[in-house]
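The values are calculated or read from the model by the stated rules, or taken from the named source; none is laboratory data. Fair warning: this is a prediction, and the values are worked out from it, not measured in the lab. Neighbour counts run over all protein chains shown; Cβ positions are idealised from the backbone, glycine included. The protein model used for the area step is the full one, side chains on, heavy atoms only, and it has no ligands, DNA or RNA in it. Shrake-Rupley method; radii C 1.70, N 1.55, O 1.52, S 1.80 Å.
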Amino acid sequence: MNRLRAAYRHRGWTVWHGDSTGQYWAAHTGRMVLLSGGSVWELAAEIEKVQPSRSAPAVPAQARRRRAGLRLPPRPKPRGYWGRPARWPVAGHR
């Protein structure tokens with residue numbers, strides 16, 4: 001039980017054994033999750049389902065190269081721009 005607490009405390013989990021229920025419990029306040037298990041191993045498996053300890057796999061190099069080669073066309077120039085500032089209507093003039 002102490003090893004389970006130590007393993008998951010830094011990830012935001014509170015772990016305890018219910019004397020009246022006989023089950024093992026875990027709560028994560030930030031995720032608003034309450035889990036239970038009949039044994040320490042079942043509880044650890046439930047926690048891993050909710051919050052896996054392994055990080056997501058990195059993007060493969062081939063996919064990174066494809067994205068890096070993507071080129072967008074240049075942005076269009078504003079309307080009315082032919083080498084001089086655009087003339088905007090002034091209040092009172094037609």
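Go through segment 19-46 residue by residue and tally those that are more than 16 Å from Arg9 (Cβ to Cβ), part of a helix (DSSP H, G or I) and touching a Phe, Trp or Tyr at 6+ places or on another chain (Cβ under 8 Å). First the steps, then the outcome.
To start, the set of residues in segment 19-46 that are more than 16 Å from Arg9 (Cβ to Cβ) comprises 19-23, 32, 34, 36-39, 41-42, 45-46.
Still in the list and also part of a helix (DSSP H, G or I): 41-42, 45-46.
Going one step further and asking which of them are touching a Phe, Trp or Tyr at 6+ places or on another chain (Cβ under 8 Å), we end up with 42.
Matching residues across segment 19-46 total 1.
Since Val50 meets every condition but one in (1) of a type outside the set (Asp, Glu); (2) exposed (fewer than 10 other Cβ atoms within 10 Å of the Cβ); (3) at pLDDT 85 or above, which condition does it not meet?
It is condition (2) that Val50 fails.
Say we look at segment 17-44 and pick out the residues that are among the hydrophobic types (A, V, I, L, M, F, W, C) and open to solvent by less than 50 Å² (accessible area, probe 1.4 Å); which of these is nearest to Met1 (Cα to Cα)? Spell out the reasoning first.
Step one: of segment 17-44, the residues among the hydrophobic types (A, V, I, L, M, F, W, C) are 25-27, 32-35, 40-41, 43-44.
Going one step further and asking which of them are open to solvent by less than 50 Å² (accessible area, probe 1.4 Å), we end up with 26-27, 33, 35, 40, 43-44.
Working: Ala26: 11, Ala27: 15, Val33: 19, Leu35: 15, Val40: 7, Leu43: 10, Ala44: 10 Å.
Among those residues, the one meeting the criterion is Val40.
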